[in-house]
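*Asks:* Dropping a structure here in structure tokens format, bear with me for questions.
The values are calculated or read from the model by the stated rules, or taken from the named source; none is laboratory data. Predicted model only: the values in this text are computed from it and were never measured. A quick note on method: Cβ atoms are made from the backbone with ideal geometry, for glycine too, and the neighbour counts reach across all protein chains shown.
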Protein chains: 2
Amino acid sequence: MNEKLISTLREKYEITFTESMLLEQAFTHSSYVNEHRNLKQSDYERLEFLGDATLELLISEFLFNWYPDFPEGKLTKIRATIVREESLAKFAQECEFDQYIRLGKGEENSNGRKRPALLCDLFEAFLGALLLDQGLEAVRKFLAIVVFPKIEAGVFLHEMDYKTNLQEILQKNGDVMISYELVKEEGPAHEREFYVAVKLNNEVIGQGKGKSKKSAEQEAAHQAILNLSAQESTQK
Amino acid sequence: MNEKLISTLREKYEITFTESMLLEQAFTHSSYVNEHRNLKQSDYERLEFLGDATLELLISEFLFNWYPDFPEGKLTKIRATIVREESLAKFAQECEFDQYIRLGKGEENSNGRKRPALLCDLFEAFLGALLLDQGLEAVRKFLAIVVFPKIEAGVFLHEMDYKTNLQEILQKNGDVMISYELVKEEGPAHEREFYVAVKLNNEVIGQGKGKSKKSAEQEAAHQAILNLSAQESTQK
């Protein structure tokens with residue numbers, strides 16, 4: 001097992017695995033297993049299954065207590081913002097987990113080590129391994145270092161507001177004109193649906209629908225952010 | 001609080017709540033709260049948020065251990081079969097929880113007490129309340145009576161196979177001819193999509209699409225089961 005990973009875990013998070021095989025498995029991608037069949041090593045996918053559910057419960061519990069007055073709908077939205085791929089990939093990188101993944105050659109060459117989907121799975125797999133090795137309380141302690149302080153700082157609450165977020169992204173390069181336009185509404189009164197387009201200097205950059213104008217605008221802003229980041233990564 | 005619920009929980013599941021307010025909240029629907037604003041009672045929605053995640057983790061953990069050789073994909077499918085609305089509503093009814101929900105009049109008159117979506121939420125809310133009152137181990141013990149034995153008996157593994165399931169449903173009333181027909185396939189080779197129709201005595205009763213003929217057939221069988229059960233409930 002990688003000595004640097006072991007000492008990082010011990011020093012930064014006070015974690016020492018009892019079963020080092022579990023830790024090894026958490027950092028082993030299926031492409032590595034396929035190339036090293038003689039090692040009889042398991043990949044991290046089953047651990048990821050377990051870690052995903054562990055994360056979901058611990059985040060839910062924390063949000064439930066941290067926001068005693070939030071209704072269920074709002075809690076569900078924040079939770080989704082925290083457990084989504086983007087966020088988990090960031091956590092994995094902050095923990096420098098990307099350095100320690102064991103990848104097959106093809107995956108390595110296609111830059112798999114930096115792929116958000118892979119980093120997200122890796123983060124969950126690590127939580128699954130930690131649960132099996134040391135129980136739920138140990139995972140809670142780890143998240144109390146890596147994730148909970150961000151919730152307390154309001155990071156995800158902020159990300160949820162896509163309109164604000166979009167404005168900040170676009171204004172980085174100076175003043176811009178962002179407008180939201182109701183394109184159409186349809187359906188009976190109690191199930192009305194609103195369609196909104198968001199425009200940047202009169203050009204449509206995202207569209208969304210929702211049960212209220214407000215939620216359709218949020219959805220349109222979210223789409224615009226996704227479109228922009230897709231463009232960005234194509235240009236790189 | 002309802003005395004019969006309290007004694008049922010004690011006798012059937014050896015559960016006695018410390019905070020009876022939590023138990024009360026778990027059985028209180030928002031429609032009841034709206035009609036009794038003077039009571040300052042909370043509805044079960046926040047508890048449901050917590051219970052949903054608790055269930056997900058405990059089921060995941062059990063499946064992980066029970067099926068040590070199943071790959072992640074198969075575990076995820078079985079988990080989805082267990083935590084879906086239909087299954088949870090059934091658990092709630094088996095526990096006779098439907099008797100104890102506090103509903104508003106409108107909801108009561110429109111037969112809300114039997115609505116699967118409501119029963120499913122209620123079941124999750126109960127788990128959330130139990131977690132808060134007595135911790136994760138108590139919820140695990142409860143599921144070990146209500147859910148885990150069904151997993152051990154292979155109930156959900158079986159439900160996953162929709163083709164077998166459809167055949168059994170249709171054959172209840174004697175011999176039938178069920179056939180699967182490839183309607184079309186489209187898309188490039190690496191993203192091909194297959195469209196399949198399932199026929200009962202040459203009449204189409206369900207359709208499905210998928211990335212393989214096999215998965216499209218499963219999807220068609222699933223649709224047929226849903227169509228049949230929708231017909232059945234209309235006829236009642």
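*Asks:* Being of a type in the set (Phe, Trp, Tyr) and in a helix (DSSP H, G or I) is the filter here; which residues of the range B:38-75 pass it?
*Replies:* B:PHE49, B:PHE62, B:PHE64, B:TRP66
*Asks:* Now for a different question. Anything in the range B:1-21 that is over 15 Å from B:GLU96 (Cα atoms) and of a type in the set (Ser, Thr, Tyr)? List them, or say none.
*Replies:* B:THR16, B:THR18, B:SER20
*Asks:* With the condition being acidic (Asp, Glu), I'd like the helices (runs of 4 or more DSSP H) fully within the range B:116-223 carrying at least 2 qualifying residues.
*Replies:* Result: B:116-134.
*Asks:* Any idea which of A:SER30, A:SER60 is within 14 Å of chain B (Cβ to nearest Cβ), small (Gly, Ala, Ser) and closer than 22 Å to A:GLU107 by Cα?
*Replies:* Working: A:SER60 fails: closer than 22 Å to A:GLU107 by Cα.
Going through A:SER30, A:SER60 in turn, the sole match is A:SER30.
Here is a yes/no grid of residues against (1) in contact with a Cys (Cβ under 9 Å, 6 or more places away or on another chain); (2) outside the structural domain of A:LEU88 (by TED's automatic domain parsing); (3) modelled with pLDDT under 95:
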{"site": "A:ARG113", "(1), (2), (3)": "no, no, yes"}
{"site": "A:LEU118", "(1), (2), (3)": "no, no, no"}
{"site": "A:PHE126", "(1), (2), (3)": "yes, no, no"}
{"site": "A:LEU130", "(1), (2), (3)": "no, no, no"}
{"site": "A:ALA144", "(1), (2), (3)": "no, no, no"}
{"site": "A:PHE148", "(1), (2), (3)": "no, no, no"}
{"site": "A:ALA153", "(1), (2), (3)": "no, no, yes"}
{"site": "A:PHE156", "(1), (2), (3)": "no, no, yes"}
{"site": "A:ASP175", "(1), (2), (3)": "no, yes, yes"}
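*Asks:* Determine whether A:GLU35 is more than 24 Å from the chain's Cα centre (by Cα) and more than 12 Å from chain B (Cβ to nearest Cβ).
*Replies:* yes
*Asks:* Do we have A:ALA89 as touching a helix residue (DSSP H, G or I) at 6+ places or on another chain (Cβ under 9 Å) and in contact (Cβ under 8 Å) with a residue 24 or more places away in the chain here?
*Replies:* So A:ALA89 fits the description; yes.
*Asks:* Kindly list the number of the only condition in (1) surrounded by 14 or more Cβ atoms within 10 Å (Cβ to Cβ); (2) in a helix (DSSP H, G or I); (3) modelled with pLDDT of 95 or more that fails for B:ILE78.
*Replies:* Answer for B:ILE78: the failing condition is (3).
*Asks:* Does A:SER42 fit the bill of being over 22 Å from the mean Cα position of the chain (by Cα) and within 14 Å of another protein chain (Cβ to nearest Cβ)?
*Replies:* yes
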